1. Taking a cut-off of 15 Å, what percent of all Cα-Cα pairs in segment B:111-172 are separated by more than that?
2. Can you compute log10 of I(q)/I(0) for chain B with the Debye formula, treating each Cα as one identical point scatterer, at q = 0.08, 0.17 Å⁻¹?
3. Please name which of B:Leu183, B:Ala25, B:Val44 has its Cα lying farthest along the dipole of chain B towards the positive end, using unit charges on Cβ (Lys, Arg +1; Asp, Glu -1) and the Cα centre as origin.
4. In the protein assembly as shown, how does Rg compare with the Kirkwood Rh, expressed as the Rg/Rh ratio over alpha carbon atoms?
5. Going by Cα centres, segment B:1-40 and segment B:158-179 are how many Å apart?
6. Placing +1 at every Lys and Arg Cβ and -1 at every Asp and Glu Cβ, with all other atoms neutral, what dipole size does chain B have around its Cα centre, in debye to the nearest 20?
7. Averaging over all projection directions, find the projected area of the Cα convex hull of segment B:92-205 and quote it in nm² with one decimal place.
8. Taking R0 as 45 Å, what's the FRET efficiency between A:Ala37 and B:Asp94 from their Cβ-Cβ distance, rounded to 0.05?
Amino acid sequence: MAVLQRSDWYDLARSTSWTPSYVKEDAIFPPEHSGGAGIPPEKWASYDEPF
Amino acid sequence: MDVQRQKDAGAYSVKAALERMDLYAKGDPGWISTLKEHYAAVAVVEYGAALMEARFVRFSKAPGMRNMATFGMLDETRHAQMQLYFPHEYIAKDRQFDWAHEAMRTDNWGVVAARHFFDDMMMTRDVIATSILLNFAFETGYTNLQFIGLASDAAKAGDFTFSKLIQSIQSDEARHAQIGTPLVKMMIESGRKAEAQKLIDIAFW
């Protein structure tokens, strides 16, 4: 089986967030642990590590 | 992973090759003191940084940051292990090298200040604040320069084992230190520039 190049799968590996159905977002990411108050939720998907 | 394995192979083989050099007996006493101080201040703190990265893996809202923190956790564990293993060679010659493991458990006044700083920066705040304090301000702003300068000092002192070790560590650090940079950008774009600046000021000063 051919091995994929990293560039082929990299963006997929960064797409691991989901909309929770059974609990609120704050239960998964408590503000006192996760921080980021004032940063809109949709902004988190735009986090782009430079390397 | 293969790159990391190669880095380990490089650092450990230089150590093995130079073990007979007897740096402890022949090296500059000032350099030997610097080595003791470095290992005491850094080795266990690297393990603390692994715990910090683990918090990022769990609590960061950014998937890319969670991925990078997973690798950062591996990096810091590697650094902790290397910086405990490398000074171990000198324990039989000079007991003070046991400070690599012991220092952070003592109430030495210098250590108390360092422990207070790292506990505050790494352990007590939320993921975003911690990443800006540590990854951005401390790792990128300070250790990136300090470790490379230290590697050069080591080479001048004839300690090529340590020089290789520090360069190897910094190649990991230079990568995961960049975890904080996108956060600063996001905070500015979200109108939180003053907060980001304050965090950088706290870490730097």
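All of the numbers you see were taken from the coordinates with simple rules; none came from a lab. Keep in mind it's a predicted model, so treat the numbers as computed, not measured. Note that we place each Cβ from the backbone using ideal geometry, even for glycine, and neighbour counts take in every protein chain shown.
1. Counting pairs separated by more than 15 Å, the tail of P(r) holds 58 percent.
2. At q = 0.08, 0.17 Å⁻¹ the computed log10 ratios are -0.28, -1.17.
3. B:Leu183
4. When Rh is taken as the Kirkwood radius, the ratio is 1.02.
5. 12
6. Here chain B has a charge dipole of around 440 debye.
7. 8.5
8. 0.35
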